[in-house]
Amino acid sequence: MTQTITVIRGDGIGPEIMDATLHVLDVLKAGLTYEEADAGMVALEKHGELLPQATLDSIRKNRVALKSPLTTPVGEGFSSINVALRRHFDLYANVRPAKSFPNTKSRFPSGVDLITVRENTEGAYIGEGQSLSEDGETALLTQKVTRKGSERIVRYAFDLARKTGRKKVTVVHKANILKTTSGLFLKVAREVAAQYPEIECNEMIVDNTCMQLVMRPEQFDIIVTTNLFGDIISDLCAGLVGGLGLAPGANIGTEAAIFEAVHGSAPDIAGKGVANPCALLLGAAQMLDHIGQPEKAERLRAAIIATLEAKDSLTPDLGGTGTTMSFAKAIASRV
Ligand code: NAI
Ligand code: MG
C-alpha cells in the first residue's frame with residue numbers, strides 16, 4: 001500500500017536537501033508517492049503568488065506534507081508563508097525533538113533526548129492587538145490564551161508521552177507574573193495532567209527552565225509550553241544538540257501535518273551541494289511516526305546516528321568534506 005504525501009521542494013538549499021531526503025526514503029522503501037507542489041519564491045516566479053491555492057488543496061487532500069525551507073521575501077506586503085500555512089490548517093502543535101548525536105560540535109554529545117511541544121496558534125503571536133503610539137514612544141501587545149488552545153496542546157503532550165513511552169511532562173510557564181495568560185495555561189495544564197496519573201508532571205518557570213536546560217538538560221523528557229516560550233526554548237534545545245543542521249520540526253493539526261527542518265533556505269550555501277540533509281531527514285522520520293510507520297522511522301534515525309558515528313561523508317557544517325548527496329547515500333547505505 002502506498003501513501004501520497006505533498007512534497008514542497010522550497011527555496012535555496014531546499015531542492016538539494018529534498019532530493020537527498022527522498023533518495024533515503026526510497027531506499028527505505030517507505031511506500032510513499034510524492035505529489036509535488038510549489039510554495040515560496042519558486043511559486044512566486046511560476047504562479048505569481050507565494051502560496052498557490054493548488055498547494056493548499058494538495059496538502060488538504062493528502063493531509064501530510066514534507067516541506068523544505070521557504071524564503072519569505074523581505075519587504076512590505078509579504079508575510080511569512082510558514083505562519084500562513086500554520087494558520088490555514090490550524091497546525092496547533094509544533095513538535096521539536098532535540099537528541100544528542102555523536103560527532104557534532106555539541107556540548108552535549110550524549111544524554112539529551114527531549115521534545116518541546118509548543119503551542120503554535122495563540123499566545124503572543126496572534127498578530128492582533130499590536131500598536132505603537134503616534135509619538136512612537138509606547139508599544140502595546142495583546143496575548144491570547146484560551147482554555148481550548150491550552151487544553152489541546154497539553155493533551156497532545158501527554159498523549160505523545162503515552163505513545164512514546166516517555167515518563168515526564170514539564171509544563172513551562174510564567175504564571176507568577178503573567179497571571180492571566182500563563183495562569184490560565186497552567187490551570188488547564190494541571191487539569192489535563194490529572195487525567196494521566198501514570199505520567200509525572202512537573203511545573204517550571206520559564207527563566208529557570210532556560211538555566212536548567214543549559215546546566216542539566218538530561219532532566220527533561222517532554223516540555224509543553226505557550227507559543228513565545230516554546231519558540232525560544234526549542235531553539236535553545238537545538239543549540240544543545242549541535243545546531244540547526246540536526247533540528248527537525250513538525251507542525252501538527254487535526255486536518256493536516258507539515259514536517260520540516262527548523263533551519264531556513266541558507267542562501268549563503270545554496271546551489272553548492274554542501275547543505276546538511278539531516279534536519280529534513282529527521283523531519284521525515286517524524287512524518288513516518290505520524291503516518292504509522294514507527295519501525296521505518298527508527299531505522300532512519302539509527303542510520304543517521306551510525307553514519308555520524310562512522311564520520312562517513314559528513315557535510316562541512318559537521319567538520320567533514322562530504323556533499324549533501326554523498327552524506328545522504330552514506331545514510332541510505334545503513335537503513
Ligand atoms: P538559515 O537557517 O537559512 O541559515 C542560518 C545559517 O545556518 C547559515 O549560515 C546557513 O548556511 C546555515 N545552515 C542552515 N541550514 C543548514 C544546513 N542544512 N546545512 C548547513 N548549514 C546550514 O537562516 P536565515 O539565513 O536567517 O534565513 C534564510 C531564509 O530562510 C529567510 O528568507 C528566512 O525567512 C527563511 N526561513 C525559512 C524557514 C522555514 O521555511 N521553515 C525557517 C527559517 C528561516
Ligand atoms: Mg523560531
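Below, the figures for the structure above:
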item: Hey, Phe185 within 10 Å of Ile222 (Cβ to Cβ), assigned by the TED database to the domain that holds Thr226, modelled with pLDDT of 95 or more and of a type in the set (A, V, I, L, M, F, W, C) or not; result: no
item: Unique match (being of a type in the set (Lys, Arg), over 23 Å from Val83 (Cβ atoms), in contact with a strand residue (DSSP E or B) (Cβ under 7 Å, 6 or more places away or on another chain) and loosely packed, with under 15 Cβ neighbours inside 10 Å) among Lys167, Lys163; result: Lys167
item: Residues satisfying the stated conditions in region 244-291, i.e. among the β-branched types (Val, Ile, Thr) and within 11 Å of ligand 1 (Cβ to nearest atom); result: Ile258, Val262, Ile269, Val274
item: Residue identified as farther than 30 Å from Asn276 by Cβ, β-branched (Val, Ile, Thr) and not in a helix (DSSP H, G or I) among Thr170, Thr254; result: Thr254
item: Condition broken by His290, with the remaining ones in (1) buried (at least 19 other Cβ atoms within 10 Å of the Cβ); (2) more than 17 Å from Leu244 (Cβ to Cβ) satisfied; result: (1)
item: Phe327, sole failed condition from (1) surrounded by fewer than 23 Cβ atoms within 10 Å (Cβ to Cβ); (2) touching a residue at least 40 places away in the same chain (Cβ under 8 Å); (3) more than 8 Å from ligand 1 (Cβ to nearest atom); (4) over 30 Å from Cys210 (Cβ atoms); result: (1)
item: Selection within region 237-259 - more than 22 Å from Lys105 (Cα to Cα) and crowded, with 18+ Cβ neighbours inside 10 Å; result: Ala250, Asn251, Ile252, Gly253, Ala256, Ala257, Ile258, Phe259
item: Residue match in region 76-83 (condition: within 16 Å of ligand 1 (Cβ to nearest atom), at pLDDT 95 or above and farther than 30 Å from Ala306 by Cα); result: no
item: Those residues of region 298-319 which are crowded, with 17+ Cβ neighbours inside 10 Å and either within 13 Å of Gly245 (Cα to Cα) or in the same structural domain as Thr164 (by the TED database) (or both), in sequence order; result: Ile304, Leu308, Leu314, Thr315, Asp317, Leu318
item: Pairs, first more than 12 Å from Tyr92 (Cα to Cα) and among the aromatic types (Phe, Trp, Tyr) in region 146-159, second outside any helix (DSSP H, G or I) and modelled with pLDDT of 95 or more, C-beta under 9 Å, six or more apart; result: Phe158/Val169; Phe158/Gln195; Phe158/Tyr196; Phe158/Ile199; Phe158/Cys201; Phe158/Ile222; Phe158/Val224
item: Any hit, region 182-196, residues being under 27 Å from His88 (Cβ atoms), touching a helix residue (DSSP H, G or I) at 6+ places or on another chain (Cβ under 8 Å) and surrounded by fewer than 17 Cβ atoms within 10 Å (Cβ to Cβ); result: no
item: Residues within region 141-158 that are surrounded by 15 or more Cβ atoms within 10 Å (Cβ to Cβ) and part of a helix (DSSP H, G or I), tallied; result: 10
item: Number of the exception - Gly111 against (1) more than 26 Å from Glu295 (Cβ to Cβ); (2) surrounded by 11 or more Cβ atoms within 10 Å (Cβ to Cβ); result: (1)
item: Residues of region 218-236 classified as surrounded by fewer than 21 Cβ atoms within 10 Å (Cβ to Cβ) and either within 12 Å of ligand 2 (Cβ to nearest atom) or part of a loop (DSSP other than H, G, I, E, B) (or both), total; result: 6
item: Residues of region 8-20 classified as more than 11 Å from ligand 1 (Cβ to nearest atom) and in contact (Cβ under 8 Å) with a residue 60 or more places away in the chain, total; result: 2
item: Identity of the residue in region 260-285, within 16 Å of ligand 2 (Cβ to nearest atom) and hydrophobic (A, V, I, L, M, F, W, C), that ends up surrounded by the most Cβ atoms within 10 Å (Cβ to Cβ); result: Ala261
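The values are calculated or read from the model by the stated rules, or taken from the named source; none is laboratory data. What you see is a predicted model, and the numbers here were worked out from it, not measured in a lab. FYI the Cβ positions are ideal-geometry reconstructions off the backbone, even for glycines, and counts take in every protein chain you see.
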